[in-house]
Amino acid sequence: MNLHEYQSKKLFNDYGIPVPLGYPARSVQEAVEAATSLGGDAWMVKAQVHAGGRGKAGGVKKVKTFNDLEQVAGSLLGTRLVTHQTTQRGQPINEVLIESPTSIARELYLAIVVDRARRRVGVMASESGGMDIEEVAAHTPEKILTVFAEPVVGLQPYQCRRLAFALHLRDRQIQAFTTMLLNLYRLFVEKDCSLVEVNPLVVASDGSLLALDAKINIDDNALIRQTALEALHDTTQEDDKENHAKAFGLNYITLQGNIGCMVNGAGLAMATMDLIKLEGGAPANFLDVGGGTTAEKVAEAFKLIVSDDNVKAILVNIFGGIVRCDLIAQGIIQAVAEVHLSIPVVVRLEGTNAEQGRQLLDSSGLAIVAENDLTKAAQRVVQLAQAAS
């Protein structure tokens, strides 16, 4: 689960991490009120979306008058921001963050992530902070410094100082950086984060350190104990189909292809998608209905797939280990009848009661192609999708 910048900065502030003073606004009037409360003669207007690259896309602007503030806030609120990290449709801007500007001397990069290969929490830092950190990672990765926290003792002050020296921080900045990084690590662990990123971490003109931007991702599996953070979840920043899927206990991710996939089990789903690609097709989605699925969930999954206009054919690949294939077949028949499906469906059933399931499909009178072999099923659905395109 992702947090907005202003939500992340609220958490930073709670953990003693210095951030610019600012207020979120959902309307032009609230933006003016926020700027009035901040005072000064200039303000930053920052679109709040779950995507990076906002600055380059025009989602972060500095204004010097209330008229400009009203114009910029009004031009952002209610629109969609397209960045290099979004789809062509972009992300909706429902809120902006109004902040006091900061006089910047240097821009650094700082992030805490889970390194699954090392089974450690890793801390990354770089002198090349700012909007082009992706370019740094791609072309000059040696400029990104990394230390790893031991699971038992956690991040240690000497590791923080090592990074501070490498970033060429001096005197009191070293202690300030160490305190900030230890607090960030404490936040990371206590709030079950998968990512905490500060880009940029700025050295202000007066020499102080400030988290100018903040990005926090929370591990979805930990939301059961992070109820306060779960309440901050902004579903408007996510795909409508994915939100609908969650309501029915389905794991769904929208992709760019034209072959709808419905599979039980994440590993089998990935293998099915790979096979479709191998045969020259392109999956339109990842959809795992779960190992213990029901006919009702299958019906909802079908409705979800056909709600995508790009889908030209559907491949259903079910292994009946926990679930019975005849129950899945009933769900498929029910769904096809309910949505009046006009696109071809290829079904591969294997496992418990697979033969009964195939018999149900064959006798349904519906345009469903049953295959026993997964490779043949993938080849058939690719042919049908290409013919319908």
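The values are calculated or read from the model by the stated rules, or taken from the named source; none is laboratory data. Please read these numbers as outputs of a predicted model, since none were measured by experiment. Cβ coordinates were reconstructed from backbone atoms using ideal geometry, including for glycine residues, and neighbour counts include every protein chain displayed. Quick note on the areas: whole protein, heavy atoms, side chains included, nothing else; ligands and nucleic acids left out. Shrake-Rupley method; radii C 1.70, N 1.55, O 1.52, S 1.80 Å.
When Rg is the radius of gyration of the Cα atoms in the range 241-338 and Rh is its Kirkwood radius, what does Rg/Rh come to?
Dividing the radius of gyration by the Kirkwood radius yields 0.93.
Any chance you could list P(r) for the range 1-62, counting all Cα-Cα pairs in 5 angstrom bins from zero, rounded to whole %?
4, 15, 23, 26, 22, 9, 1, 0
How large is Rg over Rh for the range 129-233, taking Rg from the Cα atoms and Rh as the Kirkwood inverse mean of 1/r across Cα pairs?
Taking Rh as the inverse mean 1/r over Cα pairs, Rg/Rh reads 0.99.
Would you mind counting up the charge near GLY281? Only other residues with Cβ under 12 Å from its Cβ, with Lys and Arg at +1 and Asp and Glu at -1.
+1
Expressed as a whole percentage, what fraction of the accessible surface of the chain belongs to carbon and sulfur atoms when a 1.4 Å probe is rolled over the protein heavy atoms?
Roughly 50 percent of what the probe reaches on the chain is carbon or sulfur.
Heavy-atom accessible area per residue, the chain, 1.4 Å probe: how many Å²?
Accessible surface, normalised per residue, equals 48 Å².
Treating only the Cβ atoms of Lys and Arg (+1) and Asp and Glu (-1) as charged, compute the dipole magnitude of the chain about its Cα centre; round to the nearest 20 debye.
The calculation lands at about 680 debye.
In whole Hz, with x marking every Gly and Pro, tabulate ³J(HN,Hα) for the range 173-190 from phi via Karplus 6.51 cos²θ - 1.76 cosθ + 1.60, θ = phi - 60°.
4, 5, 5, 5, 5, 4, 4, 4, 5, 5, 5, 5, 5, 4, 4, 4, 6, 5
Run a plain Debye calculation on the chain (Cα atoms as equal point scatterers, no solvent) and give log10 I(q)/I(0) at q = 0.09 Å⁻¹, rounded to two decimals, same order as the q list.
Results for the chain at q = 0.09 Å⁻¹ read -0.67.
How big is the range 1-154 in terms of Cα radius of gyration and Dmax, in angstroms?
Reported Rg and Dmax, both Å: 17.5, 54.
Could you pull the accessible area for TYR23 with a 1.4 Å probe, rounded to 10 Å²?
The accessible area comes out at roughly 90 Å².
Sort ASP220, ASP41, ASP115 by heavy-atom solvent-accessible area, probe 1.4 angstrom, most to least.
Ranked list, largest accessible area first: ASP41, ASP220, ASP115.
Let's test the formula: R0 of 45 Å, r as the Cβ-Cβ distance of ASP132 and ALA222. What FRET efficiency results, to the nearest 0.05?
According to the calculation, E is roughly 0.90.
Tally Lys/Arg at +1 and Asp/Glu at -1 over every other residue whose Cβ is under 12 Å from the Cβ of LEU349; what's the total?
Local net charge: -3.
With unit charges on the beta carbons (Lys and Arg positive, Asp and Glu negative) and the dipole taken about the Cα centre of the chain, which residue among GLY40, MET180, LEU268 sits farthest to the positive side?
My answer, from the dipole projection, is MET180.
In whole Å, how far is the Cα centre of the range 224-288 from that of the range 312-339?
Between the Cα centres of the range 224-288 and the range 312-339 lies a distance of 17 Å.
Divide the volume of the convex hull of the Cα atoms of the range 154-296 by its number of residues and quote the answer in cubic angstrom per residue.
194 Å³
Report the full-extension gain for the segment ALA387 to GLU142: residue separation times 0.36 nm, less the Cα-Cα distance, to one decimal in nm.
83.3 nm is the gain from fully extending ALA387 to GLU142.
Given the pairs LYS61/LYS191; LYS241/LYS312; LYS9/LYS62; LYS46/LYS143; LYS9/LYS191, which span a C-alpha to C-alpha distance of over 22 angstrom in this model?
Those over the limit are LYS61/LYS191; LYS46/LYS143.
Put a dot 7 Å past each Cα toward the Cβ at ASP171 and GLN29; how far apart are the dots in nm?
4.9 nm
Taking H placed 1.01 Å from N in the peptide plane, check which residues at least 5 places from LEU108 or on another chain put their amide H under 5 Å from its amide H.
GLY129, LEU201, VAL202, VAL203
With a 1.4 Å probe and every protein chain left in place, tell me how much accessible area ARG358 has, in Å² to the nearest 10.
Result for ARG358: roughly 40 Å² accessible.
For the chain, build the charge dipole from Cβ charges (+1 Lys, Arg; -1 Asp, Glu) around the Cα centre, then report which of SER307, GLY207, VAL96 sits farthest towards its positive end.
GLY207
With r defined as the distance between the Cβ atoms of ASP192 and GLN156 and R0 fixed at 35 Å, what FRET efficiency is calculated, to the nearest 0.05?
So the FRET efficiency works out to roughly 0.95.
Based solely on its DSSP helices, what 222 nm [θ] is calculated for the chain when runs of n ≥ 4 H residues each add -39,500 (n - 2.57) and the sum is averaged over all residues, nearest 500 deg cm²/dmol?
Helix-only estimate at 222 nm: -11000 deg cm²/dmol.
Pick out, from LEU167, THR227, SER363, the residue whose Cα sits farthest towards the positive end of the charge dipole of the chain, with +1 on the Cβ of Lys and Arg and -1 on the Cβ of Asp and Glu.
After comparing all options, I get LEU167.
For ARG172, ARG162, write out the residues from largest to smallest accessible area, computed with a 1.4 angstrom probe and no ligands counted.
Sorted descending by solvent-accessible area, the residues read ARG172, ARG162.
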